[in-house]
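The values are calculated or read from the model by the stated rules, or taken from the named source; none is laboratory data. The shown structure was predicted, so the numbers you read here are calculated from the model rather than taken from an experiment. A quick note on method: Cβ atoms are made from the backbone with ideal geometry, for glycine too, and the neighbour counts reach across all protein chains shown.
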Amino acid sequence: MKELILFKGDRFRGVHIHVFSQGENSLADCDFDNDTRSVVVVNGFWKFYSDPEFERPFQLGEVDIELGVGEYTEEQLRDNGIEPSQVSSVRPA
């Protein structure tokens, strides 16, 4: 099972939620819509969307961005093409 941890604070601080690969993961349903500041990808690859209905994936050119296992601060998310304050839904790649 794929797992992702989203944090409301940069550098893995503050309120956080664990997201698993089963089911849909609209962040509006868990009070995290546009509130992500840092991310830990525990396993798997994940896609990030700026829309709660899985529309508008973050992209580099025409390729959807996928993050793999690792820790991503707010700055690192931006460096990877994801605007943390606009993340509204996530799903496994």
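Table for the structure above
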read-out: Pair list, Cβ < 7 Å and 6+ apart or interchain, from the stretch 26-48 residues that are closer than 16 Å to residue 73 by Cβ and in a loop (DSSP other than H, G, I, E, B) to residues that are among the acidic types (Asp, Glu) and modelled with pLDDT of 95 or more; value: 37/10; 37/74
read-out: Failed item, numbered, when residue 16 is tested on (1) assigned to a helix (DSSP H, G or I); (2) modelled with pLDDT of 95 or more; (3) not charged (D, E, K, R); value: (1)
read-out: Check on residue 52, free of Cβ contacts under 8 Å to residues at least 40 places away in the same chain, surrounded by 15 or more Cβ atoms within 10 Å (Cβ to Cβ), closer than 18 Å to residue 84 by Cβ and in contact with a helix residue (DSSP H, G or I) (Cβ under 7 Å, 6 or more places away or on another chain); value: yes
read-out: Top-ranked residue of the stretch 1-54 - restricted to ones that are closer than 14 Å to residue 91 by Cα and basic (Lys, Arg), ranked as nearest to the chain's Cα centre (by Cα); value: 47
read-out: Test: residue in the stretch 78-92 that is modelled with pLDDT of 95 or more and more than 12 Å from the chain's Cα centre (by Cα); value: yes
